[in-house]
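Enquirer: One structure follows; several queries about it will come next.
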Amino acid sequence: MIVAGNWKMNKNATETAELIRAVAADMGNTDTRVMVAPPSINLAVAADAAKNTNIKVAAQNMHFAESGAFTGEISASMLLHLGIDHVILGHSERRSIFGETDELLAKKVDAALANNMTIIFCFGEELHDRKNDIHFEVVKNQLTEGLFHLDSKSWQNIILAYEPVWAIGTGETASPEQAQEMHAFIRKTLTDKYDAALAENISILYGGSVKPGNAKDIFSKPDVDGGLIGGAALKADDFLAIVRSA
């Protein structure tokens, strides 16, 4: 089980350190892998605050190139220099707002793996996809184009995060049954492409308005292995309640 908090564009450096320390102070012993992803400008502060805790710090994004004329971007080596070896790739906001394509994401995946980083790979359908009953097709295509060029060994460094885009920041949440249905489909898709052993060993997170009040029901489904948490990750008590649900 994994609970990862995607802070998006929130928290300054002081608030970053305070939130990580508050989570660490109350987290106690847990078998759940706990991660936080603050804005890139605060990654050094976050890494320092998370030292000697069970909290792993992840980046929200990275470029595929090692260096070069890419204003505003960060590379894998820059992240590793800070002690950051986890990265979120393909978040719906990167896809929809910043125009990241499956082809671009495949290049980012390759760059992260070449640097032995762990990837939280995000994907999921929009509302019109679900209304048109093509949500399974959309998800399968995102997996195929972004990840299915990889060999089986590379999947040791992959965590999947299914995001129904219509349930992000909207207050809407896929029902536990809807989440389970898609997660089971994802695992079958992995089985068909690779094998059942690989599919069973991949963590598939649900991301879409997970809150303390619904986390337990969502996490109880057999193919849901935790959550990628947005707004609820910005408050220590809410985030900790979700970790305990896992």
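Values in this text are rule-based calculations from the coordinates and carry no lab data. These figures come from a predicted structure and were not determined experimentally. Positions of Cβ are generated from backbone atoms using ideal geometry, with glycine treated the same way; all protein chains shown enter the neighbour counts.
Enquirer: Tell me, what does the Kirkwood hydrodynamic radius of region 1-113 come to in angstroms if you use every pair of distinct C-alpha atoms?
Expert: For region 1-113, the Kirkwood estimate is 14.8 Å.
Enquirer: Of the cross-linked pairs Lys131/Lys188; Lys131/Lys211; Lys11/Lys140; Lys11/Lys153; Lys8/Lys108; Lys51/Lys140, which ones have a Cα-Cα span greater than 28 Å in the structure shown?
Expert: Lys11/Lys140; Lys11/Lys153; Lys51/Lys140
Enquirer: Working from the pairwise distances between different alpha carbons, so that the mean of 1/r is found and then inverted, what is region 124-246's Kirkwood radius in Å?
Expert: Roughly 14.9 Å, rounded to one decimal.
Enquirer: May I ask for the Rg/Rh ratio of the chain, computed from Cα atoms with Rh as the Kirkwood radius, given to two decimals?
Expert: Rounded to two decimals, Rg/Rh equals 0.94.
Enquirer: Hey, another quick one. Quick check: pseudo-label points 7 Å beyond the Cα along Cα→Cβ at Asn10 and Asn201, how many nm apart are they?
Expert: If labels sit at Asn10 and Asn201, their model points lie 3.5 nm apart.
Enquirer: Can you give the direction-averaged projected area of the convex hull of the alpha-carbon atoms in region 55-176, in nm²?
Expert: If I average the Cα hull's projected area over directions, I get 8.7 nm².
Enquirer: Sticking with this one: Report, in cubic angstrom per residue, the convex hull volume of the C-alpha atoms of region 8-50.
Expert: Spread over its residues, the Cα hull of region 8-50 gives 68 Å³ apiece.
Enquirer: Could you size up the charge dipole of the chain around its Cα centre, putting +1 on the beta carbon of Lys and Arg and -1 on that of Asp and Glu, and report it in debye to the nearest 20?
Expert: 500 debye
Enquirer: So what is the relative contact order of region 87-246, in percent, for Cα pairs below 8 Å that sit 6 or more residues apart?
Expert: 19 percent
Enquirer: Quote to one decimal, in nm, the extra length available between Thr53 and Ser77 on full extension: 0.36 nm per residue of separation minus the C-alpha distance between them.
Expert: Length gained between Thr53 and Ser77: 6.3 nm.
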